Amino acid sequence: MEFVKLAGPAGMFFIMFSLALSLKTSAFKAIVSNPLSFYLGLVLQLIGMPLIGFIIALSVPFPVEVKVGIVLITCLPSAVTSNYLSKKMGGDVALSISLTAVSSLIAFLTIPIIIKIYFYFVIQDQSIIIFQTSLIGTSFKLFAIVTIPVILGIIFNTIFDEFSKKIDPIFDKLSLIVFLFIIGVAVYQDLYLIPEYIRYAGIKTILIFIIAFIMCIALSKLFKLNEKDKITVTLETTLQNGGIGIVIGALMFDNPKFIFPVAAYALLQYLFILIYYSFVRFKKGYEKY
């Protein structure tokens, strides 16, 4: 946890800047050209997912640390890999980029507000929770390590277009290395907690993904989204930015159990996305015949 607190913010700043190197202000044209899909995706990300977290935390008798971790998972912005997977699965890449960028830009407000609401209205005995920073303090830290680098990356890419294209693949690989290094060291430091980590968080995170997936498919059909947008909205909603969750969890709480569900979801979500990817590819192959 101590290593994540020290190195995590700088690492996350670099990762988010790297993400934004592939973004330009023109990417946000998806908001204008395809408003229904964009706003549905944003509502699912900012309201639908936290509601799932609240419902699970309120209805299932988990330990308090797991409940808070579940809520933290569900209020994170989209994972940076969602754009790449949208492209691979035949989704709308412009829509994906817009949703990832916007959810990341406003995360400094949404995450601490949702966590605070949960603390004040759900947990009666707040003395059992070590919450290390205020709402304003958390928002400022999130703004510094998530929102600012995204803004700087977009500006940099817009001004230095050709140079950004050259360094983007390099930064993309470096950001993956930085992410894996931070998480690897964090896991190594708490290696003795892995069995408890699995026991605490495994099944709970699976439940989140299943409910979120059903919600996305049902609402996409209800609002009659085309197949490309349905894929994109599903990926953007279910793929959560586990890196931000782990770093912010380490900054907000002293107890590592609070971030166990975040780490578990960050890993398991890709297993479910692989299953979804296989289904989409099979469906497309079947429709050709």
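The values are calculated or read from the model by the stated rules, or taken from the named source; none is laboratory data. All values reported here derive from a predicted model rather than from experimental measurement. Quick reminder, even Gly has a Cβ in these numbers, built from the backbone with ideal geometry, and neighbours come from all protein chains shown.
Filter the range 101-115 for residues that are hydroxyl-bearing (Ser, Thr, Tyr) and under 15 Å from Gly48 (Cβ atoms) and give the result. I'd like the intermediate steps shown before the answer.
Here is the first cut: in the range 101-115, the residues hydroxyl-bearing (Ser, Thr, Tyr) are 103-104, 110.
Of everything in the range 101-115, those that are hydroxyl-bearing (Ser, Thr, Tyr) and under 15 Å from Gly48 (Cβ atoms) turn out to be Ser103, Thr110.
Checking Asp172 against (1) modelled with pLDDT of 65 or more; (2) within 23 Å of Gly53 (Cβ to Cβ), only one condition comes out false. Which one?
(2)
When the residues of the range 184-199 are filtered to those that are in contact with a helix residue (DSSP H, G or I) (Cβ under 7 Å, 6 or more places away or on another chain) and in a helix (DSSP H, G or I), which remaining residue is modelled with the highest pLDDT? Before the answer, list the steps.
Let us first name the residues in the range 184-199 that are in contact with a helix residue (DSSP H, G or I) (Cβ under 7 Å, 6 or more places away or on another chain), namely 185-186, 189-190, 193, 197.
Now drop any that are not in a helix (DSSP H, G or I), which leaves 185-186, 189, 193, 197.
Numbers: Val185: 71, Ala186: 64, Gln189: 64, Leu193: 61, Tyr197: 58.
Step by step, filter the range 184-199, then rank; the result is Val185.
What are the residues in the range 232-260 that are modelled with pLDDT of 75 or more, of a type in the set (A, V, I, L, M) and touching a Ser or Thr at 6+ places or on another chain (Cβ under 9 Å), if any?
Correct list: Val233, Leu235, Leu239, Ile244, Ile248.
Can you tell me which condition Phe160 does not meet? The list is (1) closer than 23 Å to Ser37 by Cα; (2) modelled with pLDDT of 85 or more, and all the others hold.
Every listed condition holds for Phe160 apart from (1).
Say whether the condition of being among the β-branched types (Val, Ile, Thr) and either modelled with pLDDT under 90 or in contact with a Phe, Trp or Tyr (Cβ under 7 Å, 6 or more places away or on another chain) (or both) is met by at least one residue in the range 13-20. It would help to see each step written out before you state the result.
Keep residues of the range 13-20 that are among the β-branched types (Val, Ile, Thr), which gives 15.
Checking the rest, the ones that are also either modelled with pLDDT under 90 or in contact with a Phe, Trp or Tyr (Cβ under 7 Å, 6 or more places away or on another chain) (or both) come to 15.
Yes; the residues of the range 13-20 include at least one that is among the β-branched types (Val, Ile, Thr) and either modelled with pLDDT under 90 or in contact with a Phe, Trp or Tyr (Cβ under 7 Å, 6 or more places away or on another chain) (or both).
Rundown of residues vs (1) touching a Gly at 6+ places or on another chain (Cβ under 8 Å); (2) assigned to a helix (DSSP H, G or I), yes/no style:
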position: Leu207; (1), (2): no, yes
position: Ile214; (1), (2): no, yes
position: Leu225; (1), (2): no, no
position: Asp229; (1), (2): yes, yes
position: Thr237; (1), (2): yes, yes
position: Ile244; (1), (2): no, yes
position: Lys257; (1), (2): yes, yes
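Picking from Leu6, Leu51, Leu36, which residue would you name as being within 21 Å of Phe258 (Cβ to Cβ), modelled with pLDDT of 85 or more, more than 14 Å from the chain's Cα centre (by Cα) and surrounded by fewer than 19 Cβ atoms within 10 Å (Cβ to Cβ)?
On the way: Leu6 fails: modelled with pLDDT of 85 or more; Leu36 fails: within 21 Å of Phe258 (Cβ to Cβ).
Result: Leu51 is the single residue among Leu6, Leu51, Leu36 that is within 21 Å of Phe258 (Cβ to Cβ), modelled with pLDDT of 85 or more, more than 14 Å from the chain's Cα centre (by Cα) and surrounded by fewer than 19 Cβ atoms within 10 Å (Cβ to Cβ).
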